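Let me begin by presenting the structure, written as structure tokens, before commenting on it.
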Amino acid sequence: MGTTRPLRTSIRLRLTALYSGLFFVTGLVLLALTNLLVHQTTTVRENPTITTVPKSELPSGGVASLSAGQLAEIAERLRDDAQRQLLTMSALALLVMVVVSVVLGWWMAGRVLSPLHTITATARRLSSVNLHERIALDGPDDELKHLADTFDDMLDRLHRAFGSQRRFVANASHELRTPLAIQRAAIQIRLGGAREADLPRIQEELLETNRRSERLIEGLLLLATSDRGLDRYEPVDLAEVAAETVELWRPRIEEAGLRLDLSLAPVPVSGDRVLLGQLVENLVQNAVRYNVPGGAISVVTSPARSVYGLTVRNTGPLVPEGEAEGLLEPFRRLVRRGGPKDGAGLGLSIVQSIAQAHGGTVTVRANAEGGL
């Protein structure tokens, strides 16, 4: 059996019906009040002193031949005729005005809803290939203008998100393809003709490549988890999380010969303790890995309104100022001669994603003397 599609009424039609209905009701009330007032003003009160009668209603004998009752009857009949004519003409005028109100209501509704048609047409036209287009609605600063501006702001966020997603997919596919290619080459070429003495070294290379792939996949999963947002919130002291994380990394810090400066004031936040721990760990890990011999690491939590949150500062190689903010992008890293190359470039991206999931922001600045 086929199904019939229900008749859809447009907002323009409903607004026209509303405008015309309101006009009809107010016109009907005005008509009733007018006729009521006319009736009250023309009604003959008791003991009238003056009665006005047209000459055409008088008999040939003149007024002298009419009694008071006859005069009152003539006046009553004329008054009734006048009220009926007034009611008829008012009803016709109301009918004409209702038709005019329907036409004007349809035109006015079209003018009012014209920005919505522009927004709808833009929304239907947009796709992932033309997200750069905007409504850019002109006109008074009213609710429809605010709606169009909000829609444009949403398109800006979507455009940035789509661009970031495309770069992420391209970089992720490249990063995942590299260790697979290394493993395939080692298995097909080196392992096939390797001597027994070379097998432990090839095995270690394959294990290291496998570990790199594992770290990359774990980073991608963590990044996807933090991008999804938080499922639950709990009170967390950021200073306690930072203290626990630094304590775990203290052996590595001492092994690298780095000076550690701590200033941890209580900073209460609401969020996920595990993700916040990962945020601090990524920052401390970067501060240790990308440092210089005899360098320093500073970890500060501040409850001050101007710098509410966590600040990690480390010495290290000079970083161009223009490249610092770009390190927040996935797979962006500064490859320097002699520096570590086993990272996937996801550490700061995960930090930013976790911070945004908690309603925070991340700022990266290059130190003039080196480091971040």
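Beta carbons closer than 7 Å, at least 6 apart along the sequence or on distinct chains, pair a first residue in the range 278-293 that is among the β-branched types (V, I, T) with a second that is open to solvent by less than 40 Å² (accessible area, probe 1.4 Å) and in a helix (DSSP H, G or I) for V280/V241; V280/A242; V280/T245; V284/T245; V284/V246; V284/W249; V288/W249; V288/I253. Those residues that are in contact with a Pro (Cβ under 6 Å, 6 or more places away or on another chain) and surrounded by 18 or more Cβ atoms within 10 Å (Cβ to Cβ), I need them from the range 237-269; list them, please. Correct list: A239, V267. Residue count for the range 119-138, restricted to those that are assigned to a helix (DSSP H, G or I) and either open to solvent by 60 Å² or more (accessible area, probe 1.4 Å) or assigned by the TED database to the domain that holds H159 (or both): 3. Can you name every residue in the range 275-299 that is surrounded by fewer than 18 Cβ atoms within 10 Å (Cβ to Cβ) and either out of contact with any helix residue (DSSP H, G or I) (no Cβ under 8 Å at 6 or more places or on another chain) or assigned to a loop (DSSP other than H, G, I, E, B) (or both)? Within the range 275-299, R289, V292, P293, G294, A296, S298 meet the criteria.
Looking across the range 304-316, just one residue is open to solvent by 60 Å² or more (accessible area, probe 1.4 Å), in a loop (DSSP other than H, G, I, E, B) and in contact (Cβ under 8 Å) with a residue 12 or more places away in the chain, and that is Y308.
The values are calculated or read from the model by the stated rules, or taken from the named source; none is laboratory data. The shown structure was predicted, so the numbers you read here are calculated from the model rather than taken from an experiment. FYI the Cβ positions are ideal-geometry reconstructions off the backbone, even for glycines, and counts take in every protein chain you see. Accessible surface is based on the protein model in full, side chains and every heavy atom, while ligands, DNA and RNA are left aside. Shrake-Rupley method; radii C 1.70, N 1.55, O 1.52, S 1.80 Å.
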